Amino acid sequence: MKPQGIAILGSTGSIGVSTLEVIARNLDQYQVVALSGNSRIAVLAEQALRFRPFLIALGLGKTAEFMSFLPPDYRPRIEEGEAGLIAVAQCEEATQVVVALVGACGIRPVLAAIAAKKRVALANKESIVMAGSLVMAGVRNNKVVLLPIDSEHNAIFQALQGSERKDVAHITLTASGGPFRQLAKEEFASITKERALKHPNWSMGAKITIDSATMMNKALEIIEAHWLFDLKAEQIKVVVHPESILHSLVAYKDGSLIAQMGTPDMRTPIAYCLAFPQRIASGVAPLDMAQLGALHFQPPDLERFPSIAYAYQAIALGGGAPAALNGANEVLVELFLQDQIPFMRILSCLGELMERLKQEKSTTGSQFPWTLDTLDQALAADQWGRKFAQEQAPC
Ligand code: NAD
Ligand code: MG
């Protein structure tokens, strides 16, 4: 059988590299047809030389540098900027698009892939947080399959197979608790960038690693689950599970809990998405439960990590509130990574943002987008959150 064409948006990042590792083990079934990278041009060129895709998307102004790495006998089509991302998302030779971009820049490519009726494997949680109603409407209207790469959502997706949605009581997302799970609140003021960038279980890009340290990652994942699985906020629970072995679970009406477990390695959920409904080798060995011995679970501490409460508040506010929360968080993470604000300011500023959003909602004639029927409304809410963070954070 002809190999399936795979396009990867964000191939130079942590998820992108893991996706290529899984594909490299299964070249009889998959062919890389398009790749995108932003600034790591040498890495992208190495990937291109190995997999020889037809199409490459680059950051603006990077074509000359990229071409200098290619031999004369390999001349792929090259595109730059957002137009390049859209071209990869809609690449004719691709049947499946892996979206491994980080941040809100993923929204247009995700919608473009869906509009082109591609099967979408989504790692980019920010896009669905920002515009979940639009993404899910696109999925329904175009009858495409959307598969979650995010390990918790992938676990839920797996645990839902073979059962009826009406029989789901609730889901529980597991959270590692990040590097500061046990740190006293008084010590949060001394958290450095270096410490925040060291995740105990997962090796990931910088943005999601900081999100894990603030537990904003779990907040984004609550909103992601709300849209992906059409669940009410009260049907989504969070439990802290420091080992990151049990990746999440579905609780059914009859008292059954169906979970998915495995080594914390993103190649497993990536392989599941690529092959669904079949399974392929991912390079991850099954766990030895006897060697593991014990697993631990505890409730999240909302006092130290109010981020989880912000997610529920954003869902309750509705409209552009999740987009504003996400946009503000992206700005705050960047400011922290540039040493412009302390770690604690990320969460305190997001708390102020939630209060401002609540005030806005009760203000007659509020200009904030409280309905999300168009991408422009989602982008406006995202911008509102970004502006709030830029103005309020440095105090
Ligand atoms: P990363 O920072 O390692 O990689 C991001 C990729 O996006 C890179 O290829 C980069 O070139 C590209 N990119 C970034 N900004 C861009 C822009 N403005 N225009 C074009 N390309 C751009 O990130 P990651 O850790 O691989 O995470 C990717 C996504 O997957 C995130 O949404 C993250 O939340 C989600 N996710 C990651 C993991 C993980 O283990 N890394 C797990 C679950 C979910
Ligand atoms: Mg996750």
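Annotation for the stretch 199-294: trypsin sites (Lys or Arg not before Pro) lying in DSSP loop with at most 13 further Cβ atoms inside 10 Å of their Cβ are Lys232, Lys253, Arg279.
What full-extension length gain, to one decimal in nm, is calculated for Thr371 and Asn142 as 0.36 nm per residue of separation minus the Cα-Cα distance?
80.2 nm
The modelled label-to-label distance for the pair Leu183/Lys237, using points 7 Å beyond Cα in the direction of Cβ, is 2.9 nm.
Charges at C-beta only: +1 for Lys and Arg, -1 for Asp and Glu. How large is the resulting dipole of the chain about its Cα centre, in Debye rounded to 20?
Values: 36 positive and 39 negative charges, 114 e Å.
For this selection, approximately 540 debye.
A straight chain from Asp301 to Tyr252 at 0.36 nm per residue would run longer than the Cα-Cα distance by 15.1 nm.
Proximity of backbone amide H atoms, modeled 1.01 Å from N, is registered between Lys237 and Ile171, Thr172, Leu173 at under 5 Å, excluding neighbours fewer than 5 places apart on the same chain.
Within straight-line reach of Lys387, meaning a Cα separation under 17 Å, sit the following aspartates and glutamates at least 8 residues removed in sequence or on another chain: Glu330, Glu334, Glu352, Glu355, Glu360, Asp376. By the combined test of axial Cα extent (at least 20 Å) and Kyte-Doolittle hydropathy (mean at least -1.0), the qualifying DSSP H helices of the chain come to 125-142, 321-337, 343-361, 375-392. Along the chain, the longest continuous region that contains none of the GluC sites (Glu not before Pro) in a DSSP loop with at most 10 other C-beta atoms within 10 Å is 1-163.
Cross-link pairs exceeding 29 Å between alpha carbons, from the set Lys118/Lys193; Lys125/Lys232; Lys2/Lys207; Lys62/Lys118; Lys125/Lys166; Lys125/Lys193: Lys118/Lys193; Lys2/Lys207.
Full extension of the chain between Gln161 and Leu27 yields a length gain of 45.5 nm, computed as 0.36 nm times the residue separation minus the alpha carbon distance.
Each value in this text was obtained by applying a stated rule to the coordinates, not by laboratory testing. All values derive from a computational prediction rather than experimental measurement. Neighbour counts run over all protein chains shown; Cβ positions are idealised from the backbone, glycine included.
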